[in-house]
Structures are given as structure tokens and as C-alpha cells.
Ligand SMILES: [Zn+2]
Ligand SMILES: [Zn+2]
């Protein structure tokens, strides 16, 4: 496995420049992972597959789904790609490298765990700030246009928000000056995580059933289906920030009612 990764990497650095890999390579990888992980949920919703695991009873119309995809392509090519190109010198300055040897699994996993924790912290405060009246009205309400989220809505947001919360994503790598492969793995995991949080389905095999501190779809879906002043659940990945700062009270109350056998159907909330 390690030698396969190393030979693939050797091929890449022999055929492409550092700049091509860091900007265009990152963009291509992001688009592939994002659409491949998000598109199946559009199909599930349209065809009614796995509907017993769907969190809300409401479905998005095909027109609403298509509008989301069109906007995403526009923003990805019009905002994300130029940002990835112009931020290349910044990442170089921060110590990013693509040369051999590759970092060890231990270094990569430690760095990525640190990125997740830092991102969650920055995202929590940034997201709470976006829920203040003016910012919500003019910026964050775009992301909340979809009260019944599906995978691809995870990146459906005002360009100002993409830049603002994108800072949370790159804060960790900017501090540690990582290897490009670590940066790519972080990006892949973060995309899969946010697509899952917005997918609209809670499966018996969902990660949040096994990882106690992990939020997942059930946690973030609650944030989308409630009024913006009442929602809480501001974190991106973990649940402890909302618990520490008391912004998950409504969600916990609902969970307690449900596990207490009360006949509250959260699909109606
Ligand atoms: Zn929000
Ligand atoms: Zn969201």
C-alpha cells in the first residue's frame, strides 16, 4: 500500500509542476470527491430509495436540486478555482511541499486530527456570528435556503461565506505547513464529512452511531429545519462546542423526548 501511494506520487510530481498539483490538482480532486459523494443523495431523494432512513418527510423538487447544482458550478469555477490559484504562494510561504519522502501515517493522522479540531472551533464561532441578524439576512440565509438539505447543499452558500468559513478549513494547514498529500487527504475527509452532515439521511451505519463526539447528519439537519434564531447546533464536525456553550439545548431536549418513547415525530418539526 505504502509503495503504491509512493509510486503514484512519484508519477504525479514527475509529470506535473508543484503549482499545477497544488492549485489545479486540488481543484480537480475537490470537484470529483464532492460531486461523487453528493450526487447519489439527489438520486435517492428523487427515486425514494432508502426513504425509511430519511430524516425529514419533505422532498426537494428537481428544479430546486438543479438550481443548487448550477449555482455550485458557477461558484466553484468563479470563486474556488481563482482562490486556489492565488493562494498558492501563501501556502508555499507557509511551508507546503510536494516532494518525497512522503510524511508518515502518524504525522498525517495527527495533523489531520488537529485540523478537524481547529476547524470545528473556528467554524463554531464563525457560524454563530453568521446567525446574527444582519449577517444572516445578507449572507448566511443563502445556505439556509434549503431547509431540507441534501449532500450538495453543503457547499451552497454566499461567496462571502465560502471565503469566510474557508478560512476555518485552511487555518490548520497554514499553521503546520503540511505536505500536499496531507492537505489533499484533509480536503477529501472534510468534503465527505460535510456532505454526510447535509445528506438528509441517518443510516444505521452512520458514523455518528459509533463515534460519540461526532455530529453527523442528524445533528446538522436539525440546524437546517429550525428557524435561524432557534436552531443552535452550530458546529461543523463535533458536538462538544455546542454542549459546552449551551447551544444544543433544543436538540438535546428533542433527543431525550424521542429516546423516552414520547410520540414526538421529529419529521414534523
Ligand atoms: Zn447556519
Ligand atoms: Zn448546513
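The values are calculated or read from the model by the stated rules, or taken from the named source; none is laboratory data. These figures come from a predicted structure and were not determined experimentally. In this analysis, Cβ positions are derived from the backbone assuming ideal geometry, glycine residues included, and neighbour counts consider all displayed protein chains.
Looking at this structure, is residue 177 away from ligand 1 (no atom under 16 Å from the Cβ) and at positive phi? Against the criterion (away from ligand 1 (no atom under 16 Å from the Cβ) and at positive phi), residue 177 qualifies. Exactly one residue out of 41, 34 is closer than 18 Å to residue 183 by Cβ and in contact (Cβ under 8 Å) with a residue 12 or more places away in the chain: that is 34. In this structure, residue 189 does not satisfy being touching a helix residue (DSSP H, G or I) at 6+ places or on another chain (Cβ under 6 Å) and more than 15 Å from ligand 1 (Cβ to nearest atom).
Output yes when any residue across the range 82-104 is within 16 Å of ligand 2 (Cβ to nearest atom) and either surrounded by 15 or more Cβ atoms within 10 Å (Cβ to Cβ) or at pLDDT 95 or above (or both), and no when none is. No, the range 82-104 contains no residue that is within 16 Å of ligand 2 (Cβ to nearest atom) and either surrounded by 15 or more Cβ atoms within 10 Å (Cβ to Cβ) or at pLDDT 95 or above (or both).
With respect to being in contact with a strand residue (DSSP E or B) (Cβ under 8 Å, 6 or more places away or on another chain) and either closer than 24 Å to residue 61 by Cβ or crowded, with 20+ Cβ neighbours inside 10 Å (or both), residue 198 falls outside the description. You will find that of 188, 107, 195, the residue that is more than 16 Å from ligand 2 (Cβ to nearest atom), under 13 Å from the mean Cα position of the chain (by Cα) and under 25 Å from residue 22 (Cβ atoms) is 188 and no other.
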